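The values are calculated or read from the model by the stated rules, or taken from the named source; none is laboratory data. No experiment lies behind these values; they were computed from the predicted model shown. In this analysis, Cβ positions are derived from the backbone assuming ideal geometry, glycine residues included, and neighbour counts consider all displayed protein chains.
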Amino acid sequence: MDRTSETAGADAEPWEDHRLKIRGLSKRFSIPGRRPLEVIQNANLDIAPGEFVSLVGPSGCGKSTLLRLIAGIDGDYQGRIEFEGRLIEGPGLDRGIVFQDHRLLPWLTLAKNIELGLLNADYSAQEQRHLVQSHIELVGLGGFEEAWPHELSGGMAQRGAIARGLVSQPSLLLMDEPFGALDALTRVHLQGELLSIWRAEGISMLLVTHDVDEAIFLSNRVVVMGSNPGRIVRVFEIGSEVRANRTGDEFNHLKQQVLEAMGEISESVFVV
């Protein structure tokens, strides 16, 4: 593990425009009897306050691994990951996370599942109840507080997972294919709801997805990763006028550009 100091020094880059800053990030997995597998190589990425960024790229390029490193779930890497000026050393309430599987515990009600997002939080019981209820309302699940996970549809359960990720009032929400297991109509509906939540909460969001259409519709920027090893190869700026019309010519032209970038990456993997 090779890290810089915990706080930025006098000659460090200014933080006012960046909530998350990644510099020279590399990650290897040790495999017994084989050479270490480098899954991410020299990645650099910034995310500004209130910005929505999506990561796309071929399977195995390190998107989910990068998300886990930012979440602090995995701390074995080279380089540095700083959040709001401090080195990330583990999970924290300042960063929420939502997975593809909603991971609601079947023996807890919806409200109690969402309350899990406040473990170790410095809130009174009354404040916790208020936060849980307000976030249930935020994701449109008012009236289902005492419902069990098996009584919820897939989309409702995933909205519950989003509420759990937001209930601690994080500055950054990390999402790993949160709509990947849902049917197409539910997925499109929840994409719109997520945009509304993002605008209401005003926080930064980082989404891992294989759906280019979803990435463009939701994001200020789409970051394309390549594989073998995982690396950031293209960044597309998405104007609000493009995102506003997902059936328009500009949207489809940009989608084609992203797909072509991903295609070039996939083809390069097989070049000898």
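Residue pairs whose Cβ atoms lie under 9 Å apart, sitting 6 or more positions apart in sequence or on different chains, and linking a residue in the stretch 87-99 that is among the aromatic types (F, W, Y) to a partner that is not in a loop (DSSP other than H, G, I, E, B), are F99/A161; F99/M175; F99/D176.
Please determine, by comparing only the residues of the stretch 178-230 that are touching a Gly at 6+ places or on another chain (Cβ under 8 Å) and β-branched (V, I, T), which one is nearest to Q100 (Cα to Cα). Once the filter is applied, the top-ranked residue is T209. Can you name every residue in the stretch 148-174 that is surrounded by fewer than 17 Cβ atoms within 10 Å (Cβ to Cβ) and of a type in the set (A, V, I, L, M, F, W, C)? The one that is surrounded by fewer than 17 Cβ atoms within 10 Å (Cβ to Cβ) and of a type in the set (A, V, I, L, M, F, W, C): W148.
Take R23 and decide whether it is more than 16 Å from P170 (Cβ to Cβ) and part of a loop (DSSP other than H, G, I, E, B). It is false that R23 is more than 16 Å from P170 (Cβ to Cβ) and part of a loop (DSSP other than H, G, I, E, B).
If we scan the stretch 30-39, do we find a residue that is exposed (fewer than 14 other Cβ atoms within 10 Å of the Cβ), at negative phi, touching a residue at least 12 places away in the same chain (Cβ under 8 Å) and out of contact with any strand residue (DSSP E or B) (no Cβ under 8 Å at 6 or more places or on another chain)? Checked against the condition, which is being exposed (fewer than 14 other Cβ atoms within 10 Å of the Cβ), at negative phi, touching a residue at least 12 places away in the same chain (Cβ under 8 Å) and out of contact with any strand residue (DSSP E or B) (no Cβ under 8 Å at 6 or more places or on another chain), the stretch 30-39 yields no hits at all.
Of everything in the stretch 116-130 that is in contact with a Ser or Thr (Cβ under 9 Å, 6 or more places away or on another chain) and part of a helix (DSSP H, G or I), the residue that is surrounded by the fewest Cβ atoms within 10 Å (Cβ to Cβ) is L118.
Has the stretch 102-112 got any residue that is charged (D, E, K, R) and buried (at least 17 other Cβ atoms within 10 Å of the Cβ)? Within the stretch 102-112 (the criterion being charged (D, E, K, R) and buried (at least 17 other Cβ atoms within 10 Å of the Cβ)), the answer is no, since none of the residues qualifies. Here is the figure for the stretch 196-212: residues that are in contact (Cβ under 8 Å) with a residue 40 or more places away in the chain and surrounded by fewer than 16 Cβ atoms within 10 Å (Cβ to Cβ) total 3. Applying a threshold of 9 Å to beta carbon distances and a minimum spacing of six or more residues, or different chains, the list of pairs starting in the stretch 174-186 at a residue that is within 18 Å of V56 (Cβ to Cβ) and of a type in the set (D, E, K, R) and ending at one that is at pLDDT below 90 and crowded, with 16+ Cβ neighbours inside 10 Å reads D176/Q100; E177/Q100. Please identify the pairs in which a residue from the stretch 254-266 that is among the basic types (K, R) has its Cβ atom under 6 Å from the Cβ atom of a residue that is assigned to a helix (DSSP H, G or I) and modelled with pLDDT of 90 or more, counting only partners at least 6 apart or on another chain. Every condition considered, the pairs that remain are K255/V212; K255/I216. Of the residues contained in the stretch 194-214, one or more are found to be touching a strand residue (DSSP E or B) at 6+ places or on another chain (Cβ under 7 Å), β-branched (V, I, T) and in a loop (DSSP other than H, G, I, E, B). Counting the residues of the stretch 132-162 that are part of a helix (DSSP H, G or I) and either free of Cβ contacts under 8 Å to residues at least 24 places away in the same chain or farther than 21 Å from L185 by Cβ (or both) gives 11.
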